[in-house]
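The values are calculated or read from the model by the stated rules, or taken from the named source; none is laboratory data. Source: prediction; values computed, not measured. Reconstructed Cβ throughout: ideal geometry from the backbone, glycine too, with neighbour counts over all protein chains shown.
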């Protein structure tokens with residue numbers, strides 16, 4: 001089954017991306033469209049998962065606004081995270097087979113996308129038992145939070161390329177106290193590729209991990 005991949009060439013607000021996803025999810029549930037994979041960068045925003053707690057916020061929402069950072073409660077799972085330009089976000093809108101691997105298999109596939117992408121640039125990334133996402137020797141490089149609606153996925157994964165990691169100081173990332181956050185830039189220095197190049201490699205990783213050709 002071929003999926004459509006859509007790249008956004010400029011940062012998108014979290015609210016706009018959420019509205020786009022909701023429309024696509026409804027259409028996918030009705031089989032009005034094929035699977036779709038969105039790849040984009042977000043304008044600066046802190047988001048909380050629908051069951052997350054404010055205790056993992058290190059600054060007030062007013063302080064966020066003063067820094068030009070938006071705030072949103074997302075319908076995904078997971079805890080607090082930070083998005084900004086320089087971070088590649090992938091939002092797959094896929095209809096899963098409820099009788100197959102389901103949510104756990106989908107999580108594993110998202111992690112595989114992050115691991116394959118990092119390794120494509122010579123950065124070793126791995127899973128950690130009991131935690132979602134992907135880790136490098138210097139810290140977590142990819143965060144995952146998603147939701148299923150009638151077996152159609154939305155939200156997804158963020159992969160740190162060359163954003164300012166100082167933005168994560170405003171939160172406890174993913175609710176993991178003491179766990180550092182990393183990026184391709186931190187691992188590769190001046191050899192870090194631009195987000196557009198990482199997006200091309202990640203698209204290939206999506207095809208491999210989800211076994212779906214993209215067009």
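For the stretch 179-208, filtering for residues that are farther than 19 Å from residue 122 by Cβ and in contact with a helix residue (DSSP H, G or I) (Cβ under 6 Å, 6 or more places away or on another chain) leaves 2. I'd like to know if the stretch 183-191 contains one or more residues that are modelled with pLDDT of 95 or more and within 30 Å of residue 31 (Cα to Cα). No, the conditions are met nowhere in the stretch 183-191.
Of the strands (runs of 3 or more DSSP E) lying entirely inside the stretch 109-215, those containing at least 1 residues that are surrounded by fewer than 18 Cβ atoms within 10 Å (Cβ to Cβ) are 126-128, 131-136, 139-149. Scanning the stretch 43-66 for residues that are over 18 Å from residue 77 (Cβ atoms), surrounded by 15 or more Cβ atoms within 10 Å (Cβ to Cβ) and without any contact (Cβ under 8 Å) to a residue 60 or more places away in the chain yields one hit, 43.
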